[in-house]
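The values are calculated or read from the model by the stated rules, or taken from the named source; none is laboratory data. Predicted, not measured: the structure shown is a model, and the values here were computed from it. Note: ideal-geometry Cβ built from the backbone for every residue, glycine included; neighbour counts use all protein chains shown.
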Amino acid sequence: MSAKSKFTFTIKKRDYRTRPHFDHFINKAKNPYFGLSFYNLIPSCYVCNSNLKGADLFLSSTHLHPYLEGILGLYEFKTNIDGVDFLVNKRDFDITAERCAGADATAADRAEKACTPSGS
């Protein structure tokens, strides 16, 4: 799933700087004007943007657009965290996105397609 825009920021330290990657929702090669639109830039991690999505086409009819729609009521995140000991003991934990009971099937499928690389 795309990173939430409010959590994307540039980290500047004395010896380095890192910033989030952005993906073009509407293909910039086929629609060059959208290559310049901030509303077409979706915060994304490097792996999702570079390795998984590649040049796959995203369409609003087949993929959920994170600025226009959300996953609220479609998916919920779950963890195996049962207390704060994962912070203290530096335990690993898992995060999964599970479809909500009663979620609109078409919208949930579009959300899943937006988060799943082709061929998976």
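Applying a threshold of 6 Å to beta carbon distances and a minimum spacing of six or more residues, or different chains, the list of pairs starting in the stretch 11-40 at a residue that is more than 20 Å from S61 (Cβ to Cβ) and ending at one that is hydroxyl-bearing (S, T, Y) and modelled with pLDDT under 85 reads I11/T18; R19/T10; P20/T8; H21/S44; H21/Y46. For the stretch 48-85, a residue qualifies if it is among the aliphatic types (A, V, I, L, M) and under 11 Å from the mean Cα position of the chain (by Cα), and the qualifying residues are L64, I71.
Quick check, is F38 touching a Pro at 6+ places or on another chain (Cβ under 9 Å) and among the aromatic types (F, W, Y)? I'd like the intermediate steps shown before the answer.
Values: touching a Pro at 6+ places or on another chain (Cβ under 9 Å): no; among the aromatic types (F, W, Y): yes.
Judged against the criteria, F38 is not a match.
Can you confirm whether L68 is out of contact with any Phe, Trp or Tyr (no Cβ under 6 Å at 6 or more places or on another chain), on the phi < 0 side of the Ramachandran plot and without any contact (Cβ under 8 Å) to a residue 12 or more places away in the chain? Lay out the reasoning, then the answer.
Values: out of contact with any Phe, Trp or Tyr (no Cβ under 6 Å at 6 or more places or on another chain): yes; on the phi < 0 side of the Ramachandran plot: yes; without any contact (Cβ under 8 Å) to a residue 12 or more places away in the chain: yes.
Yes, satisfied.
Taken as a whole, the structure leaves D85 outside the set of residues that are acidic (D, E) and touching a helix residue (DSSP H, G or I) at 6+ places or on another chain (Cβ under 9 Å). For A108, the criteria (1) in contact (Cβ under 8 Å) with a residue 12 or more places away in the chain; (2) within 28 Å of T10 (Cα to Cα) hold in every case but one, which is (2).
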